[in-house]
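Reading through the structure tokens given below for one structure.
The values are calculated or read from the model by the stated rules, or taken from the named source; none is laboratory data. On a predicted model such as this, the values are computed, not experimentally measured, just so you know. Heads up, the Cβs are rebuilt from the backbone with ideal geometry, glycines too, and the neighbour counts pull from every protein chain shown. In case anyone asks, the SASA skips ligands and DNA or RNA and just uses the protein heavy atoms, side chains included. Shrake-Rupley method; radii C 1.70, N 1.55, O 1.52, S 1.80 Å.
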Amino acid sequence: MNTAHDYAITTEKLNLWYGSFQALFDIDLNIRNGMITSLIGPSGCGKSTFLRSVNRINERLGYVRIDGKINVQEQNIYAEKVELVQVRKQIGMVFQRPNPLPVSIKENILFGHKLHVKDKKYSAADYNDIVEKSLRQVLLWDKVKDSLDQKATALSLEEQQKLCIARLLPVKPNILLMDEPCSALDPKGTAAVEELIWELRGEYSILLVTHNMAQARRASEECIFMLMGKVIEHKETSDLFVTPDKKETADYIEGRYG
Amino acid sequence: MHKTTLEKANSAESMFSVSALNVKNKKTQKLYSVLFLMMTLLLILPVLVILGTLIVKGGSMISIDFLFTDPVNGMTEGGVFPALLGTVWLVSLALLVSVPLGIAAAIYLSEYASDNWFTRIINLAIINLAGVPSIVHALFGLGAFVMFFGFGTSILAASLTLAIMTLPVVIVSTRESLQAVPHAFREACWNMGATRWQTIRRVVLPNAVSGILTGVILEVSRTTGETAPIMFTGAAFFLPFLPQGIFDQTMALSLHLFVVSTQVPNVPEALPYAVALVLIGMVLLMNSVSIALRMYLRGQKKW
Ligand SMILES: Nc1ncnc2c1ncn2[C@@H]1O[C@H](COP(=O)(O)OP(=O)(O)O)[C@@H](O)[C@H]1O
Ligand SMILES: [Mg+2]
């Protein structure tokens with residue numbers, strides 16, 4: 001989409017504390033635009049924490065303190081005059097458990113759009129277009145086109161997760177953060193959502209947290225390995241899994257950390 | 001090898017038959033289920049006895065006329081209309097004040113406020129306010145609304161006293177309904193760039209409304225029966241005319257019941273029972289509405 005920048009997300013000396021507990025240490029990352037970057041590491045190493053500081057959802061907890069810089073599209077999102085709502089529009093997030101809103105499929109898709117576009121010039125047909133376009137992009141249209149007015153919560157988990165991705169699209173984000181988006185799904189659902197993520201590559205910069213190394217290997221172009229709040233290694237996925245530079249990375253991908 | 005499988009097969013019969021311990025456990029289990037059933041029955045016994053007594057002793061006096069005529073002859077005859085109307089006035093006005101205030105406070109505490117010493121003090125105050133006995137509320141109302149604000153003994157003063165009394169319960173029940181809405185819904189909204197208010201307005205409130213309404217209606221039924229808080233602040237012993245505005249005094253069902261059962265001579269025996277029946281009927285009606293509403297709204301939402 002926006003090819004003016006090489007990097008979707010860059011961080012400089014990012015440190016984060018939950019109260020007195022430090023969860024992230026000096027994170028320096030350059031995450032490429034229009035690519036899928038996977039973020040792997042053992043449970044508790046700070047993957048979710050990193051993701052949640054990129055869309056500033058962590059700060060809702062009063063006891064979180066952040067130090068350092070996070071730039072999105074080369075702008076510091078923690079700068080003073082930054083509007084949180086605009087940050088969140090640029091950066092969509094997909095959660096571990098699908099969380100469709102308890103309204104119809106159609107309303108789920110239009111929810112974000114209606115939040116941000118206030119003029120009344122949209123007709124029912126325009127809305128239908130938006131819904132169809134988003135659902136087609138997540139490969140869900142054919143399945144749900146006849147049940148758009150049904151509750152989204154009645155869909156299967158796989159379909160719910162696809163819907164959760166679809167409803168981000170009308171807001172036109174550049175970056176999609178995904179926190180273990182397949183871990184609540186069965187293998188078939190996982191494969192389907194992975195396929196979808198792969199389809200979205202290029203148009204969106206995707207940061208994909210996963211504890212499934214096979215998934216990182218299959219579904220990402222670059223890969224970051226984190227351990228205990230630090231970035232250990234960051235390079236092309238194929239390289240990282242074949243010739244890791246660091247001993248810790250090698251140990252992890254050989255399954256020695258669990 | 002063969003032999004052991006055969007032996008196992010033979011012993012299968014005894015393996016699945018009843019042991020002495022099974023029998024003993026089953027007996028104990030039976031005993032407890034009967035015991036708990038008895039306790040449950042014991043619980044509904046008073047309700048049945050109260051309702052039964054009221055219907056037997058006062059039921060004969062209940063009629064449309066009884067509901068819609070004034071008491072006459074030193075309150076020994078006639079109906080309960082001014083008291084019924086007065087109770088409706090008092091309760092409606094009280095809720096008109098306490099419900100918006102309480103819901104707003106609950107939304108603030110649940111959705112906006114962060115956890116700090118200030119909100120902790122507010123929470124503590126709410127809990128303590130809920131524990132204040134109603135007679136203390138009555139005296140507070142007398143001092144604050146009747147005397148300090150100069151509303152006199154009036155519907156306004158009595159309703160405000162009732163409002164203060166119901167406020168903490170409205171806050172607590174609303175806050176609980178709000179917090180029962182899964183956090184994931186809020187995160188979903190924030191991540192699409194919704195502001196706090198958009199999130200509350202479009203997702204949290206619609207999903208909490210059944211709980212909030214139920215809480216409010218239960219409050220109505222409780223407020224209906226309160227006597228002490230209105231006795232000093234606005235409810236009259238006997239008024240030969242209906243109130244014309246919120247600065248008038250009014251009769252009220254709960255106080256009327258107290259008056260006809262203890263203060264007035266030569267009251268026919270059935271009258272207090274009939275008044276009590278009207279009061280309890282109102283409360284039960286409210287509760288049924290609340291339950292019906294909750295069931296309806298529960299059916300509407302699914303997650
Ligand atoms: N809200 C929180 N409050 C305090 N500590 C937290 C919170 N969330 C995460 N942590 C801690 O921060 C560390 C990193 O957690 P997290 O980012 O969730 O790890 P991951 O997603 O890699 O499994 C863990 O030690 C965890 O206990
Ligand atoms: Mg995590």
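Table for the structure above
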| quantity | calculated |
| --- | --- |
| Exclusive hit being assigned to a loop (DSSP other than H, G, I, E, B) and within 12 Å of chain B (Cβ to nearest Cβ), set A:K114, A:K81, A:K118 | A:K118 |
| Test result for A:D129, open to solvent by 50 Å² or more (accessible area, probe 1.4 Å), in contact with a strand residue (DSSP E or B) (Cβ under 6 Å, 6 or more places away or on another chain) and either more than 19 Å from A:E199 (Cα to Cα) or in a helix (DSSP H, G or I) (or both) | no |
| Odd one out for B:G78 among (1) at positive phi; (2) touching a Lys or Arg at 6+ places or on another chain (Cβ under 7 Å) | (2) |
| Breaking point among (1) acidic (D, E); (2) within 11 Å of another protein chain (Cβ to nearest Cβ); (3) within 16 Å of ligand 1 (Cβ to nearest atom), for A:D26 | (2) |
| Per-region count, segment A:19-28, residues within 16 Å of ligand 2 (Cβ to nearest atom) and either outside any strand (DSSP E or B) or touching a residue at least 60 places away in the same chain (Cβ under 8 Å) (or both) | 3 |
| Flag for A:I109 being within 14 Å of chain B (Cβ to nearest Cβ) and in contact (Cβ under 8 Å) with a residue 60 or more places away in the chain | yes |
| Matching residues in segment A:67-82 - criterion: being within 18 Å of the chain's Cα centre (by Cα) and modelled with pLDDT of 90 or more | A:I70, A:N71, A:V72, A:I77 |
| Within segment A:35-55, tally of residues that are within 17 Å of A:L16 (Cα to Cα) and more than 10 Å from ligand 2 (Cβ to nearest atom) | 3 |
| Positions within segment B:82-126 being within 30 Å of B:G281 (Cα to Cα) and open to solvent by 50 Å² or more (accessible area, probe 1.4 Å), in sequence order | B:L85, B:V88, B:W89, B:S92, B:L96, B:V97, B:P100, B:L101 |
| Close pairs (6 angstrom Cβ cut-off, 6 or more residues apart or separate chains): under 17 Å from A:K246 (Cα atoms) and open to solvent by less than 10 Å² (accessible area, probe 1.4 Å) in segment A:29-45, within 16 Å of ligand 2 (Cβ to nearest atom) and β-branched (V, I, T) anywhere | A:L39/A:V209; A:L39/A:I224 |
| Any chance A:G44 is within 14 Å of ligand 1 (Cβ to nearest atom), on the phi > 0 side of the Ramachandran plot and not in a helix (DSSP H, G or I) | yes |
| Some residue of segment A:56-69 being within 16 Å of ligand 2 (Cβ to nearest atom), open to solvent by less than 20 Å² (accessible area, probe 1.4 Å) and not in a strand (DSSP E or B) | yes |
| Residue under evaluation A:V171, criteria (1) without any contact (Cβ under 8 Å) to a residue 12 or more places away in the chain; (2) surrounded by 19 or more Cβ atoms within 10 Å (Cβ to Cβ), criterion not met | (1) |
| Helices (runs of 4 or more DSSP H) contained entirely in segment B:79-145, each with at least 1 residues that are not assigned by TED's automatic domain parsing to the domain that holds B:A180 | none |
| Unique residue being surrounded by 22 or more Cβ atoms within 10 Å (Cβ to Cβ) and part of a loop (DSSP other than H, G, I, E, B) when the list is B:A194, B:A208, B:A274 | B:A194 |
| Any chance A:A184 is open to solvent by 20 Å² or more (accessible area, probe 1.4 Å), within 14 Å of another protein chain (Cβ to nearest Cβ) and within 16 Å of ligand 2 (Cβ to nearest atom) | yes |
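Per-residue answers, yes or no, for (1) in contact with a helix residue (DSSP H, G or I) (Cβ under 8 Å, 6 or more places away or on another chain); (2) more than 14 Å from every other protein chain (Cβ to nearest Cβ); (3) not polar (S, T, N, Q):
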site	(1), (2), (3)
B:M147	no, yes, yes
B:G150	no, yes, yes
B:A158	yes, yes, yes
B:M165	yes, yes, yes
B:P168	yes, yes, yes
B:V172	yes, yes, yes
B:R202	yes, no, yes
B:N207	yes, no, no
B:T223	yes, yes, no
